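J.: Okay, here's the structure, questions in a sec.
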Amino acid sequence: MSVEWKIIGDDKVSAIGLGTWAIRNYDQAYNAYLYALTNGINNIDTAEMYDSGRAEEFVGRLVHAVGRDNIFITTKILPDRLIDKDLVLKAGRAALKRLGVDYVDLYLIHWPNRNLSIEEQVRNFEILAKEGLTRYIGVSNFNVYELDKAIHSLARERIVAVQLHYSILHKSEVENEMLDYCRRNNIAIQAYTPLERGAVAGHPVVKQVADKYGKTPIQVALNYLISQGNVIPIPKAEKIEHVKEILGSMGWRMDVKDLEILRGI
Ligand SMILES: NC(=O)c1ccc[n+]([C@@H]2O[C@H](COP(=O)([O-])OP(=O)(O)OC[C@H]3O[C@@H](n4cnc5c(N)ncnc54)[C@H](OP(=O)(O)O)[C@@H]3O)[C@@H](O)[C@H]2O)c1
């Protein structure tokens with residue numbers, strides 16, 4: 001099993017991270033995520049929204065187990081908070097308390113607040129970096145236009161990552177424009193729902209390519225994403241056997257021809 005690395009800001013993160021949305025059994029998930037963190041995965045995605053803060057508390061348990069320096073934490077703020085810098089700080093401090101840390105590595109706007117201009121919301125949001133609650137900032141569910149606006153509205157911070165729905169079965173939105181834009185601007189893409197909740201495993205073309213390489217369809221679906229440049233899929237997997245399978249999606253490459261076949265799905 002060999003781990004690959006990508007870049008967020010100036011940090012090296014594993015090419016695969018793990019998400020924490022909709023965990024059913026936190027004890028089962030704890031074992032699976034601890035296995036991941038001790039076998040090469042170093043980045044975990046969470047949000048204040050997930051299970052009303054319990055997912056952040058879960059990440060806090062993992063930090064306690066592996067040590068703060070061994071985990072790159074991404075969390076997300078709810079867009080309603082962005083109306084006011086004090087509200088942003090209050091939400092940020094509450095998140096840090098749940099996580100049991102002094103700072104996170106990456107804070108994202110979960111999705112744009114439709115009642116505020118992009119300028120106003122990102123300027124209120126960047127207080128989290130200014131006050132040291134996070135090392136980096138980014139956005140999620142922004143389109144290219146909104147991302148560009150955000151980049152040009154910031155007073156002192158830079159956007160290092162954007163989190164988007166991106167999988168082998170849901171790729172045109174990202175591949176049409178966003179992928180190039182992010183390449184040009186040194187922005188990492190965190191790909192969410194990269195397994196389409198397991199559905200990628202049932203696609204006949206993915207299965208066919210997987211057989212050729214002696215890999216599983218899940219591994220091919222994730223490997224396709226990490227072959228696209230600075231893309232970091234963040235699957236969620238609370239079963240340890242799922243985590244083991246996911247780890248096997250790093251450290252190898254498919255032929256350009258096969259990548260093209262997969263791109264055509
Ligand atoms: N920014 C946003 O708006 C946004 C939106 C959605 C999601 N996200 C983030 O992205 C993460 C991942 O997305 P997601 O949870 O929507 O979907 P996903 O990762 O595509 O799918 C998760 C599901 O796939 C199953 N799975 C994992 N590994 C598997 C394997 N090897 N074989 C078969 N099934 C497997 C998991 O099962 P088990 O859990 O039973 O192992 C789970 O039911 C979330 O947890 C969250 O952190 C962000």
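J.: Any idea which of THR38, VAL3, THR75 is furthest toward the positive side of the dipole for the chain, if Lys and Arg beta-carbons carry +1 and Asp and Glu beta-carbons -1?
T.: THR38
J.: Let me ask something additional. For the range 107-166, give the percent of accessible area contributed by carbon and sulfur heavy atoms, probe 1.4 Å, rounded to a whole number.
T.: Within the range 107-166, the accessible surface is 44 percent carbon and sulfur.
J.: How far is the Cα center of the range 46-62 from the Cα center of the range 130-199, in Å?
T.: The two parts, judged by their Cα centres, are 21 Å apart.
J.: Pairs LYS97/LYS236; LYS90/LYS130; LYS215/LYS244; LYS76/LYS239; LYS212/LYS257: which exceed 19 Å Cα-Cα?
T.: The pairs that break the limit, which is 19 Å between Cα atoms, are LYS97/LYS236; LYS76/LYS239.
J.: Here's another thing I want to ask about it. What percent of all Cα-Cα pairs in the range 1-86 falls into each 5 Å bin, going from 0 up to the bin containing the maximum distance?
T.: Histogram of Cα-Cα distances, whole percents per bin: 3, 13, 25, 22, 18, 12, 6, 2, 0, 0.
J.: Using the Cα atoms of the range 112-169 to build a convex hull, what is its mean projected area in square nanometres?
T.: 4.5 nm²
J.: Can you tell me what the convex hull of the Cα atoms of the range 206-262 projects to on average, as an area in nm²? Working shown, then result.
T.: Working: hull surface 15.4 nm².
Its Cα hull, projected and averaged over all orientations, spans 3.8 nm².
J.: Once you have a ≥ b ≥ c as the square roots of the Cα gyration tensor eigenvalues for the chain, tell me rounded if a/c is under 1.5, and otherwise prolate or oblate according to whether a/b is larger than b/c.
T.: oblate
J.: Roughly how many nanometres apart are two label points built 7 Å out from the Cα toward the Cβ at GLU177 and ILE240?
T.: Going by the 7 Å Cα→Cβ label model, 4.6 nm.
J.: Find the accessible area per residue for the chain; the probe is 1.4 Å, ligands and nucleic acids are left out, and the unit is Å².
T.: 44 Å²
J.: Please report, as a whole percent, how much of the solvent-accessible surface of the range 225-265 comes from carbon and sulfur atoms (probe radius 1.4 Å).
T.: 55 percent
The values are calculated or read from the model by the stated rules, or taken from the named source; none is laboratory data. Owing to the predicted nature of the structure, the values given are computational and were not obtained by experimental measurement. A quick note on method: Cβ atoms are made from the backbone with ideal geometry, for glycine too, and the neighbour counts reach across all protein chains shown. Heads up: the accessible areas ignore ligands, DNA and RNA and are worked out on the full protein's heavy atoms, side chains in. Shrake-Rupley method; radii C 1.70, N 1.55, O 1.52, S 1.80 Å.
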